[in-house]
Amino acid sequence: MCIAVSLTSVVGYTANLLTDGHLPPRSISAPSVAVATGVLALLTCGLRRARRLLIMICCGFTVLSVDRLAHSAPLDHAAVAFLLAASVYAVPAWPEMKVVLSRGRASAMVERQEHHAGLLAGELHDEVLQLLALTQRRLDAARALDDPGALRAAMEDASRTLDEQAGTLRRIIATVSPAAVQGLGLAESVTSLAGQVAAENGLVVDVDVQGDRPHACTADNGVDLAVYRVAQEALTNVVKHADARHITLALTCRDDGITLTVTDDGRGLGPNPPRATEGYGMQGMRWRCEAYGGTFSARTAGAAGTVVRAVFPLRNCRKTRAS
């Protein structure tokens, strides 16, 4: 959060500076950067260079915050000196700053994993555990009656319930660890996923696979699974939120990358949806793309509907084949 506040405030401060044309602009961005970088400096234990850089930035924007009220030329010069020193010191401190940024991303990923673990626990409790408990109570009640007919009916009902819950567990397991990606390959597994979504939700899902088959090393480095997860999450979002009837899933596989596009005719995202309002599903798709050096976008398609596009470059695969 401190990283996000710092970056956003720096952008806001720069915009205000360009608009006002003098230093310092009347903006709350300077105090925001000072506070956020100060907190980050306290949290960066063991990273001396990163801490020094953050302290320089914090001091510079603290002086700017004071100068916002005093309007003193010496304070202007002091703030510029701190920020210039920080810009010079950023070169040797950059490796440690990357560690700080990676910690923030790791923290976000852990939060997302905890969220999905909670969803999984809730689904197992609501769909499996409660029905199994109900089945057990029915069997106990039938056994207490000492009626062979009632016990036989309860056993038949329990058998049907167990069959249903076995299917539920298989669906949950496939969601957590899709073995189809390893067994069928990317194109076949995505096509199978689309067919399953269409059958379970009464939707029309058209799948268009173009280009060469992805190289084997995409499965080795996790790209196949990442593409599958993005397709899975995009289709889930359509089912839950879009109120759509028709979905088009396009998978393009080339030597230089894999492109996945999911388009629906639902209600859309609205004009220029801010990234700050993205839910866990949208953030998870974006993180998966960025983890492999790719890009992600989600926008409203014309008057209605949504277009989700994920691009995964295969530079690593080209290097592997060359070696």
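The values are calculated or read from the model by the stated rules, or taken from the named source; none is laboratory data. Computed from a predicted structure; not experimentally measured. Glycine gets a Cβ as well: all are built from the backbone with ideal geometry, and neighbour counts include every protein chain shown. For accessibility, only protein heavy atoms count, side chains too; no ligands or nucleic acids. Shrake-Rupley method; radii C 1.70, N 1.55, O 1.52, S 1.80 Å.
Structure values in brief
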item	result
Contacts under 7 angstrom Cβ, first residue in the stretch 183-203 being free of Cβ contacts under 8 Å to residues at least 60 places away in the same chain, partner among the basic types (Lys, Arg), 6 or more apart	Leu203/Arg245
So Leu131, is it in contact (Cβ under 8 Å) with a residue 12 or more places away in the chain, open to solvent by 40 Å² or more (accessible area, probe 1.4 Å) and not polar (S, T, N, Q)	yes
Residue in the stretch 16-31 that is modelled with the highest pLDDT, counting only those that are under 17 Å from Ser65 (Cβ atoms) and surrounded by fewer than 18 Cβ atoms within 10 Å (Cβ to Cβ)	Pro31
Cross-chain or 6+ apart pairs with Cβ under 8 Å, the stretch 140-162 first and free of Cβ contacts under 8 Å to residues at least 60 places away in the same chain, then among the polar types (S, T, N, Q)	Asp157/Thr135; Ala158/Thr135; Thr161/Thr135; Leu162/Thr135
Residue among Ala50, Ala85, Ala34 that alone is of a type outside the set (Asp, Glu), modelled with pLDDT of 70 or more and in contact with a Phe, Trp or Tyr (Cβ under 6 Å, 6 or more places away or on another chain)	Ala34
Residue in the stretch 295-313 that is nearest to Arg229 (Cα to Cα), counting only those that are surrounded by 17 or more Cβ atoms within 10 Å (Cβ to Cβ) and in contact with a helix residue (DSSP H, G or I) (Cβ under 8 Å, 6 or more places away or on another chain)	Ala310
Residue, nearest to Asp256 (Cα to Cα), within the stretch 296-318, restricted to residues that are at pLDDT 90 or above and of a type outside the set (A, V, I, L, M, F, W, C)	Arg309
Selection from the stretch 218-258 of residues that are without any contact (Cβ under 8 Å) to a residue 60 or more places away in the chain, of a type in the set (Gly, Ala, Ser) and in a helix (DSSP H, G or I)	Ala219, Ala231
Members of the stretch 259-287 found to be at pLDDT below 80, in contact with a Ser or Thr (Cβ under 8 Å, 6 or more places away or on another chain) and either assigned to a strand (DSSP E or B) or surrounded by fewer than 15 Cβ atoms within 10 Å (Cβ to Cβ) (or both), listed by number	Gly270, Pro271
